[in-house]
Amino acid sequence: YYLLGILATSLVASLATAPLVLYHFNRFSPWGIVSNMAVVPLASFVIMPGVVLSLLLMPLGLQGAGYALQEWGIDIMLRVAAWAAGLPY
């Protein structure tokens, strides 16, 4: 249910801000909704736990494990963004 809640929240937020995006930028990318729905769970389940792990291990000087997890998640996030930017419309 948690994953479905994240996906639904991302969809609702994208649809709610769509009129503002259209007004200010005079364009709307339907692929933004798809890429957000792919990236938000990644941020919730990989990147943010990596941040917490880094902070917990920082007093021991072992924060590199959390940084590696964050780096992996951010790399995937950037790949999704590059993929979505290359799509038509």
Exercise. Sorted by packing (mean other beta-carbon atoms within 10 Å per residue), highest first, where do 35-42, 73-80 land?
Worked result: 35-42, 73-80
Exercise. Considering only protein heavy atoms and a 1.4 Å probe, what is the carbon-and-sulfur percentage of the accessible area of region 1-88?
Worked result: 75
For this session: Mind computing the radius of gyration and Dmax over the alpha-carbon atoms of region 37-77? Å is fine for both.
Result: 10.3, 35
Exercise. Nearest 10 degrees, 0 to 90: what angle lies between the long axis of helix 48-57 and the longest principal axis of the chain (Cα atoms)?
Worked result: 20
Problem set entry | Per-residue [θ]222 nm for the chain (sum of -39500 (n - 2.57) over DSSP H runs n ≥ 4, rounded to 500) | -26000 deg cm²/dmol
Seminar exercise, completed: Label model pair M48, Y67: point-to-point distance (7 angstrom along the Cα→beta-carbon line) in nm is 2.4
Problem set entry | Helix 30-42 vs. the chain, principal-axis angle (Cα, 0 to 90°, nearest 10) | 20
Problem set entry | Intensity falloff of the chain expressed as log10 I(q)/I(0), Debye formula with alpha-carbon point scatterers, at q = 0.21 Å⁻¹ | -0.99
Seminar exercise, completed: Per residue, accessible area of region 48-89 with a 1.4 Å probe, heavy atoms of protein chains only, in Å², comes to 74
Seminar exercise, completed: Sorted by accessible surface (1.4 Å probe, heavy atoms of the protein chains only), largest first, F45, F28 come out as F45, F28
Seminar exercise, completed: Calc'd 3J(HN,Hα), region 61-73, phi into Karplus 6.51 cos²θ - 1.76 cosθ + 1.60 (θ = phi - 60°), Hz, glycine/Pro = x, comes to x, 10, 5, x, 5, x, 5, 5, 5, 5, 4, 4, x
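The values are calculated or read from the model by the stated rules, or taken from the named source; none is laboratory data. Since the structure is predicted, the reported quantities are computational estimates derived from the model, not experimental observations. A quick note on method: Cβ atoms are made from the backbone with ideal geometry, for glycine too, and the neighbour counts reach across all protein chains shown. Side chains included, ligands, DNA and RNA excluded: accessible areas come from the protein's heavy atoms. Shrake-Rupley method; radii C 1.70, N 1.55, O 1.52, S 1.80 Å.
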